[in-house]
1. Out of every Cα pair in region 150-205, what percent are spaced more than 14 Å from each other?
2. Quick one: length gained pulling R348 to A35 fully straight, 0.36 nm per residue minus the C-alpha distance?
3. What shape does region 80-150 have by the C-alpha gyration tensor, where a ≥ b ≥ c are the square roots of the eigenvalues, rounded means a/c under 1.5, and otherwise prolate means a/b greater than b/c and oblate the rest?
4. With r defined as the distance between the Cβ atoms of E276 and E186 and R0 fixed at 51 Å, what FRET efficiency is calculated, to the nearest 0.05?
5. Order the peptides 148-158, 80-90 from the highest to the lowest mean number of other Cβ atoms within 10 Å of their residues.
6. Kirkwood Rh, region 147-269, all Cα pairs: how many Å?
7. If you consider only alpha-carbon coordinates, what radius of gyration and Dmax does region 39-99 have, in Å?
8. How would H341, H142, H99 line up by accessible area, probe 1.4 Å, largest first?
Amino acid sequence: MKEDDLPALTPLTPRLRAGGNELEATRTGLDGDVALDFPGLTLVPRTVSTITTRAAVRSEVVLGDAVLQGPLIGSPMPDVCGPAMCRTLAELGCLGVLHRFQSVAAQVEQFLEATTGLAAGQAVGAAVGVVGDFQERFSALHAAGCRIVCLDTANGAHVQVGEAIDWVRATAPDTFVIAGNVASAEGFRWLEDRGADAIRVGIAGGALCETRTETGVYVPTPQAVMEAVSARRRALVIGDGGVRNPGDMCKLLALGADAVMLGSALAGTRESTGREVVMRGRTYKVVRGAASLSVQLEMGRSDPKHVEGTETLVASKGDAAEVVHRYLAGLRSSMAYMDAHDLAQYRRNVSFLRLP
């Protein structure tokens, strides 16, 4: 069946195109276009595959001095990425970003616990804020050997984030800086110009995020990735938010993301930091958004004025390795469909259709 025979499906045409040094964009968002979300996008193989085994495909991504064997990053959520998760992800060839919702001393201790004895090329990142104890926290982590730092904020397109990047660059130029989150070409370009090495894109797509209902701000992660890729000159794109299955990760990588951040998908695993709860004979783990009430209270905000994160229970899932293996196996299979031996070839060979 030819594409012309499918009137309900339309080819994906990016709304943004980067030409030379100028970015042409539809800025109002009120011109009849519909934001691209996971359910509205499908990947189409149009190349005859010559790949006989999924083991033949490779999905490396370089982050500073680290080479990830799989483009998967654990989110610095308080109930996801502690030392056990970060170490496991590093040993699996991925990256974990140690959460910042703890004292400076505790975070440094956990970073050392996660990294001691890791093989060459394996790495662990750590999150810091951009105000408060930010400089003290960063300096302590850097002294402990951390060279991948995530400036962990809800709104990455903010002057305080830019000032933090400037300070890190002046203080420790050997640091690989991840910044974000942003959800537009303009926000991505601004952070890239300020010196961020990688940028998290996507706002309010996470399962535990209530920014959409509390502020009206929401950009689906596929749309944010598409805008970022069209705007970027050099920084890596990290798709962050709303990834609920391996197919979602494949879609973001096919759109041009260099890596994908997982949060809720890793929650509930043995290595996640969430508190364990037993109800009616079944085991669950607590998982909270970074802006949830209890996390804000734990960080010393005695009377939080605004809450944009929720809290819930997820059923225990077993080892994090099982989740990672499933996601990476799905990616390898998708790459084989596209006759792609690496991610660059995957993006060249893939085609898209919008679903109604």
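1. Counting every Cα pair in region 150-205, those more than 14 Å apart make up 43 percent.
2. 110.4 nm
3. prolate
4. Plugging the Cβ-Cβ distance into 1/(1 + (r/R0)^6) gives 0.75.
5. 80-90, 148-158
6. Numbers: mean 1/r = 0.0695 Å⁻¹.
In region 147-269 this quantity evaluates to 14.4 Å.
7. 15.6, 44
8. Details: H341 80, H142 40, H99 15 Å².
If we order H341, H142, H99 from most to least accessible, we get H341, H142, H99.
The values are calculated or read from the model by the stated rules, or taken from the named source; none is laboratory data. Everything quoted here is computed from the prediction, not taken from an experiment. No Cβ is skipped: glycine too gets one built from the backbone with ideal geometry, and neighbour counts run over all protein chains shown. Surface areas here come from the heavy atoms of the whole protein model, side chains and all, with no ligands, DNA or RNA. Shrake-Rupley method; radii C 1.70, N 1.55, O 1.52, S 1.80 Å.
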